[in-house]
Amino acid sequence: MTYSFTRRAVLSGASLAIATLGSAPLFAATRIQRLVSPGGIEAWFVQDATVPLIAMKYAFDGGATQDPTDKPGVGHMVASLLDEGAGDLDFETFHERLDRRAIKLSFTSRRDQFRGSLRMLKDNKDEAFDLLRMALTSAHFDTPDVERIRAAVLANLRRDSTNPSTLANRKFFEVAFDDHPYARQAGGTVESVPKIDVADLKDYVRRVIAKDTLKIAVVGDVDPETLARLLDKTFGSLPAKAELTQVADVVAAKAPQCVFIPLDVPQTVVTFGGAGVRRSEPDFMAAYVVNQILGGGGLASRLFREVREKRGLAYSVHETLLWMDHSAVFVGNTGTRADHASETVEEVEKQVRRMAEEGPTRQELDNAKSYLKGSQMLALDTSSNLARALLQYQLDKLPIDYIEKHSALVDAVTLEDAGKAAQRLWGQGLLTVIVGRSPLAAARSTTAPSPTTPPPAAVQPGDTPSAATPATPN
């Protein structure tokens, strides 16, 4: 059952405009409202009184792409410090108030957005939104707090320096995007983080956190008038316009390429991928469906069936589409024993090449469509998950009634569409990054390539969310 209607209403006592569009049922019946507060703050809003909770997800354009070129990690440091004391509250008092009211507040810097999350009981909404207001407008960035967070970030970076999955993922993006901001490490590096000072943190906040790029999604037990008041109080005093550095569109480096990074670990990790399909492109849905068939379907995917079930080469193997504001890639990962790594890579390449050349079968297409349509509502099972999805739809510039249109868009993908999308995604082969013990290098070529440079002879053809509830792509 779906709902499809539009309504304009003026609520007494406030110049609050609401355009209401129906969607598929979530709890009892979900109605997504476009709410505009008296101060001009816009949000997509679902009023739901099933449980006395409110969940809000929001984002500002910018993210890690706005880090200084020589100081990656500034946005990440800001995200870690906004709740470390703000307004007239020091670190301990701020967190004591969060804990006392069971308020969940967090920030994160993704590639293209600086995002935030707020979740609270209905009765604690005024205090929760007030704490968020202080964090966004008057964070302290006191030296002891900055140094404590810096030490924690550096400890994580040093630990990650021996994590094969992290190394493979980082190298993939470095090779795919070269000198573009997408090649940088959003969390910073052991070289850059020590150079970040308080002036960098405050400048990032000044440039990025502004009303003109703000997107908000709210789900929970609150009426429109009250929510409008809270949004104006929380976000109303932010700068009107952000001062963002322009970021160019970019296409990921052409495959095939292979990079080997020697690391003495028990399991060899393989990250593979290539140029993807941007969310705004007409053939995105076909790519989304066919990717489900190849590597996104868990136990039912071709890669899982061929690599794990038939040959026992890996415990898991998967692949996902990752779209960003200025590019798109597909990314896959698997792990295997060092002496099976060469065979595993060859099998992945084989299945990718086969899908590019032959496309999916009718049965695979029908099964993928059925799964994707059925999984959509299961993925929107909580207020936080629904708010996260509604935020992503806004960032992707999708219509407010996208939930009810999703199944029809999936159904419209033909076998021919899927075949063309498969050829586009995988017809050029793979950009592959292998991290593991050095015997793998001898298995791949007579001379091991350097850890940072692709080998002269490229590997021949054989690196992420769902359109229903996108994994956070940025």
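Overview of values
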quantity: Highest average packing first - 160-167, 79-86, Cβ atoms within 10 Å; calculated: 79-86, 160-167
quantity: Neighbour cut-off at most 15 other Cβ (10 Å), DSSP loop, trypsin sites (Lys or Arg not before Pro), segment 312-407; calculated: 397
quantity: Heavy-atom SASA rank of 58, 315 (probe 1.4 Å, accessible area, largest first); calculated: 315, 58
quantity: Distance from segment 138-187 to segment 228-296 (C-alpha centre basis), Å; calculated: 17 Å
quantity: About the Cα centre, charge dipole magnitude for the chain (Lys/Arg +1, Asp/Glu -1 at Cβ), debye; calculated: 620 debye
quantity: Helix-only [θ]222 nm of the chain, DSSP H runs n ≥ 4, -39500 (n - 2.57) each, per residue, nearest 500; calculated: -11500 deg cm²/dmol
quantity: Kirkwood hydrodynamic radius of the chain, Cα pairs, Å; calculated: 23.8 Å
quantity: Share antiparallel - DSSP beta bridges, the chain, percent rounded to 5; calculated: 85 percent
quantity: Share of carbon and sulfur in the accessible heavy-atom surface of segment 157-267 [1.4 Å probe, %]; calculated: 51 percent
quantity: Peptides ranked, highest mean first, by Cβ atoms within 10 Å: ranges 339-347, 261-269, 140-148; calculated: 339-347, 261-269, 140-148
quantity: Mean accessible surface per residue for segment 92-204, computed with a 1.4 Å probe while every protein chain stays in place, in Å²; calculated: 45 Å²
quantity: Surface accessible to a 1.4 Å probe, residue 93 within the full protein complex, Å²; calculated: 60 Å²
quantity: Alpha-carbon gyration tensor eigenvalues x 5, square-rooted, for segment 214-257, Å; calculated: 39, 18, 5
quantity: Accessible area expressed per residue, segment 231-377, with surrounding protein chains retained (probe 1.4 Å, Å²); calculated: 42 Å²
quantity: Over 27 Å between alpha carbons, listed pairs 195/254; 104/405; 171/215; 104/215; 195/215; 122/397; calculated: 195/254; 104/405; 171/215; 195/215; 122/397
quantity: Listed residues 106, 318, 251: farthest to the positive end of the dipole of the chain (Cβ charges); calculated: 318
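The values are calculated or read from the model by the stated rules, or taken from the named source; none is laboratory data. From a predicted model like this one, the values you see are computed outputs, not experimental measurements. Using ideal geometry, Cβ is built from the backbone for each residue, glycine included, and neighbour counts are taken over all protein chains shown. SASA here: full protein model, heavy atoms, side chains in, ligands and nucleic acids out. Shrake-Rupley method; radii C 1.70, N 1.55, O 1.52, S 1.80 Å.
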